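The values are calculated or read from the model by the stated rules, or taken from the named source; none is laboratory data. Values in this document were obtained by computation on a predicted structure and should not be read as measured data. Cβ: placed from backbone, ideal geometry, glycine included. Neighbour counts: every protein chain shown.
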Amino acid sequence: MSFDSKIPAGEMNEKWNDYKGHVKLVNPANKRKLEVIVVGTGLAGASAAASLGEMGYKVKAFCFQDSPRRAHSIAAQGGINAAKNYQNDGDSVFRLFYDTVKGGDYRAREANVHRLAEVSNAIIDQCVAQGVPFAREYGGLLNNRSFGGTQVKRTFYAAGQTGQQLLLGAYSALSRQIAKGNCKMYNRHEMLEVVTIDGKARGVIARNLINGEIERHSAHAVVLATGGYGNVFFLSTHYDRSIVEMFLEIETGLLNTTFPAFGIAGYAGITAM
């Protein structure tokens, strides 16, 4: 098997926009004929499922928790960065890209990080539209604080519970699509295998954790939002049940889908406040 990160060719600051400008589109009349499976309903999975449902696709969302609100994204309480430059302190997409690569000890895939920086502003807009109560200045504008040792203030936050508020916003958007019939939620289902046909993911094999039955679900595409493999560290603030990533990368040939998280509270002898 050959590993392929599927990164478009071209200059760093142009490749993703060039790819989007030439990729084939789906006719709106045909979107209802296509099914998408989303595995995982944290911030990434719930937002993806809600957005796909809003765009007109038929979505199946899977999580092994009793509710998407139990996802480990709730633990990301510090804030979320975006290059909006609200503080007028010289922030830019490139500065966010550089700080993220440097903060990741230069181990992250640079093209993916640049794409993250490019869409960071739109992500904040989506969160606000979902009703996330970000902290605001006295005049009503979104507030920022310095976070992570950066030289600019770019972190959007909701007191000390940013992850919880982001997850509740994504869950609300997902619940709206479930109520409209655009998305079907499968709680208490654990994914066992990804079904591939001619090298493309076309479904999943899942276990119903209520009755133990093994189920098969087919789709035209599969989104893996399962979280990183936190168990690579002996001590970590990452969720130890997010173990799917490791064998998925091996099985599907994908690389660097999620970088493992490691925080200061993971050091031996340090107690998280």
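Computed values, structure above
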| read-out | value |
| --- | --- |
| Unique residue being of a type in the set (Phe, Trp, Tyr), at negative phi and under 19 Å from the mean Cα position of the chain (by Cα) when the list is Tyr186, Tyr138 | Tyr186 |
| Exclusive hit being among the hydroxyl-bearing types (Ser, Thr, Tyr) and part of a loop (DSSP other than H, G, I, E, B), set Thr41, Thr100 | Thr41 |
| Region 54-65 residues that are part of a strand (DSSP E or B), paired with ones that are of a type in the set (Ser, Thr, Tyr) (beta carbon under 8 Å, 6 or more apart) | Lys60/Tyr186; Ala61/Thr41; Ala61/Tyr186; Phe62/Thr41; Phe62/Tyr186 |
| Residue check for Ala50: touching a residue at least 24 places away in the same chain (Cβ under 8 Å), touching a Pro at 6+ places or on another chain (Cβ under 7 Å), aliphatic (A, V, I, L, M) and surrounded by 13 or more Cβ atoms within 10 Å (Cβ to Cβ) | no |
| Out of Gln126, Gln151, sole residue that is within 15 Å of the chain's Cα centre (by Cα) and either farther than 20 Å from Ala75 by Cβ or among the basic types (Lys, Arg) (or both) | Gln126 |
| Ala50 in contact with a Ser or Thr (Cβ under 9 Å, 6 or more places away or on another chain) and not in a helix (DSSP H, G or I) | no |
| First in region 139-164 and free of Cβ contacts under 8 Å to residues at least 12 places away in the same chain, second anywhere and assigned to a strand (DSSP E or B) and surrounded by 14 or more Cβ atoms within 10 Å (Cβ to Cβ), Cβ under 8 Å, 6 or more apart | Ser146/Thr155 |
| Test: residue in region 138-148 that is buried (at least 18 other Cβ atoms within 10 Å of the Cβ) and either acidic (Asp, Glu) or touching a Cys at 6+ places or on another chain (Cβ under 9 Å) (or both) | no |
| Those residues of region 1-24 which are over 30 Å from Ala206 (Cα atoms) and not charged (D, E, K, R), in sequence order | Pro8, Ala9, Gly10, Met12, Asn13, Trp16, Asn17, Tyr19, Gly21, His22, Val23 |
| Criterion (crowded, with 20+ Cβ neighbours inside 10 Å and hydrophobic (A, V, I, L, M, F, W, C)) met by exactly one of Val119, Val101, Val132 | Val132 |
| Condition check for Gly131: more than 21 Å from Ser51 (Cα to Cα) and part of a loop (DSSP other than H, G, I, E, B) | no |
| Per-region count, region 172-202, residues more than 18 Å from Ser51 (Cβ to Cβ), in contact with a Ser or Thr (Cβ under 8 Å, 6 or more places away or on another chain) and surrounded by 20 or more Cβ atoms within 10 Å (Cβ to Cβ) | 2 |
| Residue in region 154-175 that is in contact with a helix residue (DSSP H, G or I) (Cβ under 7 Å, 6 or more places away or on another chain), among the polar types (S, T, N, Q), modelled with pLDDT of 95 or more and over 20 Å from Ala76 (Cβ atoms) present | no |
| Single condition Gly169 does not satisfy, out of (1) surrounded by 20 or more Cβ atoms within 10 Å (Cβ to Cβ); (2) assigned to a strand (DSSP E or B) | (2) |
